[in-house]
Amino acid sequence: MTITGAGTADWFDVKGTVPTPKNAKRLKDGTIGLITGLFLLVALLVLGIVVPLLSPFEVEISIDTPFLPPSGTYWFGTDGLGRDVFLRVFSAVYLDLGVALIGVLIPFCLGTIVGIGLAVSRSKTLNAVAGSIIDGINAFPLLVLAIALIALLGPGLQSVVVALSVTNWARYARLARTRALVVKQQGYIEATQTLGYSKPRTLFKHLVPNVSSETTAYALSDLILVILLIAGLSFLGLGAQPPTPEWGAMISDGRPNFQVAWWPVIFPGLALCWAGVSLSFIAEGLTRRERDVKS
Amino acid sequence: MTATPIGSGVESAVRAQEGEDGPRPQPTWEKVLRRTGRAIIVAFWVMVVAFMLIRLSPGDPVSAALGADAAPDTVAAARKALGLDVDPLTQFWNYLTGLFRGDLGASLISGVPVTEMLRTNMPVTLWLIFTSVTMTLVISLPLAMFIAMARIPGLPYLFRTLTAIGLALPSFLVALILLYQFGLIWQVAPIFGYDPTFPANLQYLWLPSLVNCVVLVPVLSRVLYSSILDTLEEEFVETGVVRGVRWNRFYWLYVLRPSLAPTVVLLSYMMGVMVGSTVILEIIFALPGIGRELVTAVTMRDYPVVQGIILVFGILVVFLSLIGDIVASLLDPRVRLT
């Protein structure tokens, strides 16, 4: 475990001499990450269906003494109102992931359309004004702007989705616009004009798919951020409201009694990490595989 | 970033800036000036967005704040006090001129001017950001350098896996666990309170900064790591090896300095995320910063305070990313600022 300095040339890999087996191994690494991520995600989604179906307990109704530690009956213990934490954690899977998915899809579509529209349009004033508004929105931290919008809309998950749509589209728009400007210069777009393709055909069959491949890659990593953001907003009491099983709200709910009972806080937190880590592995695996194919 | 033809090591890359060899890149002062100009334009749009946010709200902010059963006279008086009784353009003009006079309005609840609130609470937030960035850099630089240079089989793989996990950790959960462990079990950190004087405040800030590190170090060290790998393939590094440059000069000047530029650009981009997470951290650690004021104002529906604070947050991020970009261009003159 030595760091060899300059002068001893053995640390230095000359580009191009890397043997193929190493490349083959890197491809496998990306695949392992991808498979692990997919496995974790599918497992979480399956548990999200199975646990609420098979559990003998009720999600929102007290069933036993508060703060019972994890045991054979209550695997994750009971929370401050005597509800089964195990059931509540897995009841929240589809709520958390679903809201996050909607919160990514709406800005994704909106931003891609606006971005491509700006890149295609010839109006300079439109581009200047819209570009400045996009920059202005992007300058705000997402969480801060979302909090401010929720101040206007009132707390709740619908407000969170609206706030995300209003703020996050600008990031996609900027990405799509930059990408569309590059794609527009490519030979294959020029070729469609030479071949006399109609404008809609060029736009929807050639420009849009090439732009959205880029924004899709961003959307995947954005999904992780949005999951954390939604849980964070609920933790602040601005998203999902208490009786609803939602990870951030559950953590916030258990927080005052953290010293007495750690389980109502830690288990929802672990579920949140589980969701994030599985997506993070998928994103990581995909990018690494893509890089391998390219090189 | 555009590549400059490099003939004789990193010094020539640095010299190229003065136009001694290679195609003449943008002079530094011109880059800085252009970037500052763009920052000012963005700051203007930040003001516009902060202004529009409240006006575009569904329903009347004033009656929402005062409650549905407030007397019409009270509502009318409050509207007048907020300057909401004139047409939108005049409102915008009053808002802009108010900004330049340093007047951000006053709280609907307590009547305290927003600027007064900022004066007491802003330093806490700024300190938290400063200590977080410093700690992140202190951890990330040696970490990424070590993993890129120490050729231990499997280490980069472990590093990527761990950072992929770190990317997905919610900061509020990390904050709760660390606060419990350090504050209550080991009792090495205060669990609430703040001391505004300089050396004493670090005692309150190191733990929240550490939480920010858990979020930022994975992102930053990852980019720095791949950036160091890219730098190692540059010709000037090869030149350095051939010349037998002393190891500390080699690491700092040949490898680290050019690798830092993309990292600093990313750091300036991450400022938004970090400023956002300070809001949550200020609440968990009970620090009297503006993030906590923001959430209080949101729950009280105190619109002038919300407007003032998000404006300050927006301007803060614009300013921080301006600094980041300028530092990046000073570190690696090949960086082009738009």
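Worth pointing out:
- Residues that are facing chain B (nearest Cβ under 7 Å), under 25 Å from A:LEU118 (Cβ atoms) and not small (Gly, Ala, Ser), drawn from the range A:132-143: A:ILE133, A:ASP135, A:ILE137, A:PHE140, A:PRO141, A:LEU142
- Residues of the range A:145-164 that turn out to be open to solvent by 20 Å² or more (accessible area, probe 1.4 Å) and β-branched (Val, Ile, Thr), as a count: 2
- Selection from the range A:130-172 of residues that are touching a residue at least 60 places away in the same chain (Cβ under 8 Å) and outside any helix (DSSP H, G or I): A:PRO155, A:GLY156
- Verdict on A:VAL99 being part of a helix (DSSP H, G or I), open to solvent by less than 60 Å² (accessible area, probe 1.4 Å) and β-branched (Val, Ile, Thr): yes
- Verdict on A:PHE281 being out of contact with any strand residue (DSSP E or B) (no Cβ under 8 Å at 6 or more places or on another chain), within 11 Å of chain B (Cβ to nearest Cβ) and open to solvent by 20 Å² or more (accessible area, probe 1.4 Å): yes
- Residue that is farthest from A:SER221 (Cα to Cα), among those in the range A:165-192 that are buried (at least 24 other Cβ atoms within 10 Å of the Cβ) and within 13 Å of chain B (Cβ to nearest Cβ): A:ALA170
- Per-region count, the range A:48-69, residues modelled with pLDDT of 85 or more and buried (at least 16 other Cβ atoms within 10 Å of the Cβ): 3
- Candidate set: the range A:259-274, residues that are more than 8 Å from chain B (Cβ to nearest Cβ) and more than 17 Å from B:GLY183 (Cβ to Cβ); chosen: the one most open to solvent (accessible area, probe 1.4 Å): A:LEU270
- Qualifying residues in the range B:160-216 (those that are free of Cβ contacts under 8 Å to residues at least 12 places away in the same chain, away from chain A (no Cβ under 13 Å) and part of a helix (DSSP H, G or I)) - the one least open to solvent (accessible area, probe 1.4 Å): B:ALA200
- Matching residues, the range A:242-253, being away from chain B (no Cβ under 11 Å) and open to solvent by less than 10 Å² (accessible area, probe 1.4 Å): A:GLU246
- Test: residue in the range A:220-241 that is open to solvent by less than 20 Å² (accessible area, probe 1.4 Å) and more than 27 Å from B:LEU294 (Cβ to Cβ): no
- Qualifying residue in the range A:218-241 (condition: more than 8 Å from chain B (Cβ to nearest Cβ), without any contact (Cβ under 8 Å) to a residue 24 or more places away in the chain and of a type outside the set (Ser, Thr, Tyr)): no
- The residues of the range A:144-161 that are within 8 Å of chain B (Cβ to nearest Cβ) and within 14 Å of B:ILE309 (Cα to Cα), listed by number, are A:VAL144, A:LEU145, A:ILE147, A:ALA148, A:LEU149, A:ALA151.
- Scoring A:PRO256 on the criteria (1) at pLDDT below 90; (2) more than 10 Å from chain B (Cβ to nearest Cβ); (3) within 22 Å of the chain's Cα centre (by Cα) leaves a single failure, condition (3).
- Residue match in the range A:72-87 (condition: part of a loop (DSSP other than H, G, I, E, B) and among the basic types (Lys, Arg)): yes
The values are calculated or read from the model by the stated rules, or taken from the named source; none is laboratory data. Not measured: the values here are computed from a predicted model. Glycine gets a Cβ as well: all are built from the backbone with ideal geometry, and neighbour counts include every protein chain shown. Each accessible area value is taken on the protein alone, full model and side chains, heavy atoms only, with ligands, DNA and RNA left out. Shrake-Rupley method; radii C 1.70, N 1.55, O 1.52, S 1.80 Å.
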